[in-house]
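Enquirer: Here it is, the structure, as structure tokens.
The values are calculated or read from the model by the stated rules, or taken from the named source; none is laboratory data. In this text the structure is predicted, and so the values were computed from the model without any measurement. Quick note on the areas: whole protein, heavy atoms, side chains included, nothing else; ligands and nucleic acids left out. Shrake-Rupley method; radii C 1.70, N 1.55, O 1.52, S 1.80 Å.
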Amino acid sequence: MAKVRKDKRGRNLHKGEYQRPDGRYAYAYRYNGKRVFIYDTDLASLRKKEQQIQACLLYTSPSPRDISGS
């Protein structure tokens, strides 16, 4: 069974989230093949930003037809 990642306060972290040594939270995701980071001091506000990003990526990600180059 996989170990659940937690922050310094014992809260579970989602995929892509981690806590930096200075206490800030970060979320990493890929966009157009590049890694993008979002930072925040509060986990709840970081998760709000994550939801906004996911909603935006849902409507802006290219379809397989666009990638094929036809």
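Enquirer: Give me the count of lysine pairs in the stretch 1-50 whose alpha carbons sit under 20 angstrom apart, restricted to pairs 8 or more positions apart or on different chains.
Expert: Here the count comes out as 8.
Enquirer: Using a 1.4 angstrom probe with every protein chain in place, what is the largest-first accessible-area order of Val36, Val4? Walk me through the numbers before you get to the answer.
Expert: On the way: Val36 45, Val4 80 Å².
Largest accessible area first, the list is Val4, Val36.
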